[in-house]
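What follows is a set of notes on a single structure, which appears directly below.
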Amino acid sequence: MSTVFIALQTNEDTRPIIEAIVQDNPAAIVNEAPAMVKIDAEGKLVIRRETVEELIGRPYDLQELQVNLITMSGNLDQTDDEMTLYWNA
Amino acid sequence: MDMQVAKKKLGLKERYAVMTRGLDWVPSYQKMEDIYPYMTYEGIKIHDWDKWEDPFRLTMDAYWKYQSEKERKLYAVLDAFNQNNGHLNVTDARYINTVKLFVSGISPLEYVAHRGFAHAGRQFPGPGPRVACLMQSLDEIRHAQTQVHAVANYNKYYNGMHDFHHAHDRVWFLSVPKSFFDDAITAGPFEFMVSIGFSFEYVLTNLLFVPFVSGAAYNGDMGTMTFGFSAQSDEARHMTLGLEVIKFILEQDPDNLPIVQRWIDKWTWRGYRVLTLVAMMMDYMLPKRTMSWKEAWEIYFEENGGALFKDLARYGITMPKCAEQIALEKDHLSHQAWSTFYNYAAAANFHTWMPDEDEMAWLSAKYPNSYDKYYRPRMEYWREQAAKGNRFYNKTLPMLCQTCQVPMIFTEPGDPTKTCYREVDYKDSKYHFCSDHCKAIFEHEPEKYVQSWLPVHQIYQGNCFPEGTDPTVEGFDPLAAVLKYYHLESGRDNLDFEGSEDQKNFDEWRGMATKNV
Amino acid sequence: MHIDLRTVTIKPLRHTFDNIARRLGADKPATRYQEGTLDMQQTVNFHYRPTWDPDHEIYDASRTAIKMADWYAFKDPRQFYYGAYTMARAKQQDTAEANFDFVENRGLAETLPADVRATVLELLVPLRHVAWGSNMNNASICAYSYGTAFSQPGIYQAMDQLGIAQYLTRVGLLLGGVDVLDEAKDSWMTADTWQGLRRYVEDCMVLKDPVELFVAQNVALDGLLYPLVYETIVDDVLSAKGGTPVAMLTQFMTDWFAETKRWTDATMKTAAAESAENKEILAKWVSQWRDRAAATLLPVARIALNERTDELVAEVVQQFNARLVKAGVPL
Ligand SMILES: [Fe+2]
Ligand SMILES: [Fe+2]
């Protein structure tokens, strides 16, 4: 399986999102760079709305993620509840 | 009331479908081929536009909401940066030359992307890709403008970028990025999407922006870091569009595969040649380095691009052939490029310098197979000569590659001691190339590439002097005339960093902040 | 080490970019609109001709019959660069969202009198397709016109029209759901009422001259449609019949038109003032497209206005003429 990744700006908004990603993808690897966090995962990475909502204590729209997104890799599938990055091969 | 109960809340996908493709209709008063006249001439076959999968489902209300939030944050940072003399926070004034390179080489391309995506966003008969392209068109004018606004403050205090629009259309090396985007926007709409949407945005953008932006972060440039990250936040949508386009075209008809493969090969190479400028920026121009060009290539292309092409293998797509040559060049690219700019610094819109001892040690460590053997000796020699007052600025013009327009500075794949030359006879002329790949691109579309506006040819033909110049007068100085045509002020905008006005001013201004006057 | 850089007062070498200073006639601070607009488009030394249009350069002023000595004579009175544009729209969007919430939460859609509701479904919902057509036409204007001062508002207008098409879709969803959208589309495709307008929109899609397209779409069609539908029909006629919630749902369109017509007027004024030739061409385009637009809008207006249709459409045309004459277009 190949690696997918997502990179986010480091700030107050993204801290709970990164935490949510780590919770839902225990095998993901978090790399910190100045002002940027890159999260790598084998084959697939899922960001779940509910997990983020539990951490921030308010309703969350996954499209809000775009404000702090830097880059990503993999095929994307987005629904109301989940955003998934994956490779088929 | 009963009707209300029956009305269920639509999910993201259904809702987005009625908000976009539901708006479209099949025309009957005008013919499809008159409304969408450019859909067939590239040979791409599309049978069913409804098979298009919308990756990011963003309606305009959400677009305005999130984008204005980004803009508010960005301009707040820029205002603070301007008010607080943020430019004096950068590691050292040499860094500012990367900003000059960026605004004259890259920002104008954002603008072309804006117009190109408006064109593509008008021409595709499928409502899904059309909306995604138009949103990208809107994002791209954002990128062009936020970059100009961010750099406006640097322009107030430093030289070289005061007439960057004018420079972009004229200065010799800027024809490399300019011709790249001109090439894309003059191609058909499908090729445009593969060139910019896929090859550039998906395959190469991480190599362009992540180094520039983390470079800014490492070097204390909050302004550039902020616009860079802010622009990148749109990138996820753009990358996804690029990838969806490729998958969609390939799924539509097996005949599309060879066309798309050829485009991917071509545009990976074209894009890589433009990245030469990024390579030298990373290895030579950032006072505090982030990672080497070679490392960036390995992470973002070999590893990440490798995963991508493995994924696309199910459509029959293979890794572009040029990747092999690029792997051979990765130990050499930045050194050869920076040597060239050091040579031609008299005709550039930024300053050059030779790396100091520490920097050479870093280069040796990052390039153990090439730096000490091939490049350190010549750089040490140049440094010595400069110290002795023999700084040599090359004023003879280099031959340019007809396709990528980079001077013919690259070496044979596998032999870094021999310059690589290729040529083709076409009609009555001989055309020159930096590589087999540039040659092959020309041979496939000679009628396109014979049109290239090659800066060196143009100078020799007398087309790059200010109006009214008489090159036959005694003592005519062609370089001086060309610099005038570029609107570059010799002695301020060009030459070495050492002794420049930028260096002097930065030291003085920083001194004012750290000492009591 | 922390350095307090704010304490340093230094004199800048220059206040703006040279291209801006040349246009302003002096090196003085420029606005973000100016820095984000002036000379943004490349002008010379293009490398290749478009394979899709080899008779023209990538950007080519000769795609239109209108001639300008300087295409940067145009100025958007709203001074919209991307940031100013999105922030303005986000604010309007907040209001629109609050209005939709208000109508939805109080169940006001269900309290609409039956004839008002029918009018909305028959008249407003099919207009989402007209807005979609305008989105395409303004994409053309942006892509093929010359100079950022002229082309830039084109992309804003295109996306605004997409937004309007989406607001109208929401009105349909709120009043009846997906079925209502399908019925409206059916009318748009087949009902006699709509065929003139659909033909108009499709005919615009094949116009090659970007300024003529600007006149046909933004000046003539929208210049009649918005005052007629949103000001006359929704805000006056329907509101008088208990349709105020509808006016809340279309407030975005009313405000938007009041704002964007300042841009279309300023653009016409600049182009007409340039030369007698421009003035003549513009007058010809305006009167041709106005007459067609007015005729195609008659059956549409009749849905709401019945026997008062001719009178009220004539009134709107009269106001339109006055507007254009004021902008320097002799009609
Ligand atoms: Fe961009
Ligand atoms: Fe080349």
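Starting from the Cα of B:N394, step 7 Å toward the Cβ, then list every residue of segment B:335-359 with an amide N under 12 Å from that point. Answer for segment B:335-359: B:336-347. Label-to-label distance for B:D436 and C:T95 is 6.4 nm, based on points extended 7 Å past Cα in the beta-carbon direction.
Remark on B:S435: its backbone amide H falls under 5 Å from those of B:R422, a criterion applied only to residues 5 or more positions apart or on other chains, H modelled at 1.01 Å from N.
Got the relative contact order for segment B:96-201 handy, in percent, Cα pairs under 8 Å and 6 or more residues apart? That works out to 35 percent. Using θ = phi - 60° in the Karplus curve 6.51 cos²θ - 1.76 cosθ + 1.60, the 3J(HN,Hα) couplings for segment B:128-145 round to x, x, 5, 5, 4, 5, 5, 4, 5, 4, 5, 4, 5, 5, 4, 4, 4, 6 Hz; x is entered for Gly and Pro. Computed over all pairs of different Cα atoms, the Kirkwood value for the hydrodynamic radius of segment C:1-131 is 21.2 Å. Across chain B, the mean sequence separation of Cα contacts (distance under 8 Å, 6 or more residues apart), normalised by length, yields a relative contact order of 16 percent.
Around A:D81, what is the net charge, scoring Lys/Arg as +1 and Asp/Glu as -1 over all other residues with Cβ under 9 Å from its Cβ?
Details: positive: A:R48, A:R49; negative: A:E50, A:D80, A:E82.
My count for the surroundings of A:D81 gives -1.
Over all pairs of different C-alpha atoms in the protein assembly as shown, the reciprocal of the mean inverse distance, the Kirkwood hydrodynamic radius, equals 29.4 Å.
Sorting B:L275, C:L121 by the number of Cβ atoms found within 10 Å of their own Cβ, with the fewest placed first, yields C:L121, B:L275.
What's the angle, to the nearest 10 degrees (0 to 90), between helix C:309-326's Cα axis and the longest principal axis of chain C? Approximately 10 degrees, to the nearest 10. Built from the Cα atoms of segment A:3-86, the convex hull projects on average onto 4.7 nm², one quarter of its surface area. Would you list the P(r) distribution for segment B:335-406, with all Cα-Cα distances sorted into 5 Å bins from 0 and each bin expressed as a whole %? The calculated distribution, bin by bin, is 3, 15, 22, 23, 18, 13, 5, 1.
Based on Cα atoms of chain B, Rg over Rh with Rh as the Kirkwood radius reads 0.99. Close amide H partners of A:T3, meaning residues 5 or more places away or on another chain with modelled amide H under 5 Å apart, are A:G43.
Note: segment B:12-74, Cα convex hull, 157 Å³ per residue. Within straight-line reach of B:K388, meaning a Cα separation under 20 Å, there are no lysines at least 8 residues removed in sequence or on another chain. For C:K67, the lysines whose Cα falls under 24 Å of its own Cα, not counting residues fewer than eight places away in the same chain, are C:K75, C:K208, C:K261, C:K269, C:K279, C:K284, C:K326.
Which of B:V194, B:V482 comes first, and how do the rest follow, when ranked by fewest Cβ neighbours within 10 Å? Write out the running numbers ahead of the final one.
Numbers: B:V194 29, B:V482 23.
Least crowded to most crowded, the residues run B:V482, B:V194.
Spelling out what I want: for every residue of segment C:118-128, take phi, set θ = phi - 60°, compute 6.51 cos²θ - 1.76 cosθ + 1.60 (Karplus), and round to whole Hz; glycine and proline get x. Each residue of segment C:118-128 in turn: 4, 4, 4, 5, 7, 9, 6, 5, x, 5, 4 Hz. Can you give the Rg to Rh ratio for chain C, taking only C-alpha atoms and Rh from Kirkwood? Ratio of gyration radius to Kirkwood radius for chain C: 1.03. Each stretch of four or more DSSP H residues adds -39500 (n - 2.57); spread over every residue of the protein assembly as shown, this sum gives -17000 deg cm²/dmol at 222 nm.
The amide H of A:I70, built 1.01 Å from its N in the peptide plane, has A:A7, A:L8, A:Q9 as neighbours under 5 Å, considering only residues 5 or more places off or on other chains.
Fewest-first ordering of B:C438, C:C142 by other beta carbons within 10 Å of each residue's beta carbon gives B:C438, C:C142.
Can you tell me the length gained on complete extension of the stretch B:E384 to B:E33, counting 0.36 nm per residue apart and subtracting the Cα distance?
Values: separation 351, 0.36 × 351 = 126.36 nm, distance 6.59 nm.
Once the chain is fully extended between B:E384 and B:E33, it gains 119.8 nm.
For segment B:250-263, 3J(HN,Hα) computed residue by residue from phi via the Karplus equation (6.51, -1.76, 1.60; θ = phi - 60°) reads 5, 6, 6, 7, x, 5, 6, 4, x, 5, 5, 4, 5, 5 Hz, glycine and proline entered as x. Spatially, segment C:294-323 and segment B:318-344 are offset by 66 Å when compared through their Cα centroids.
Any read-out appearing in this document is the output of simple, stated calculations on the displayed coordinates, not a laboratory observation. Here the structure is a predicted model, which is why all the values come from computation and not from measurement. Glycine also receives a Cβ, built like all others from the backbone with ideal geometry; neighbour counts cover every protein chain displayed.
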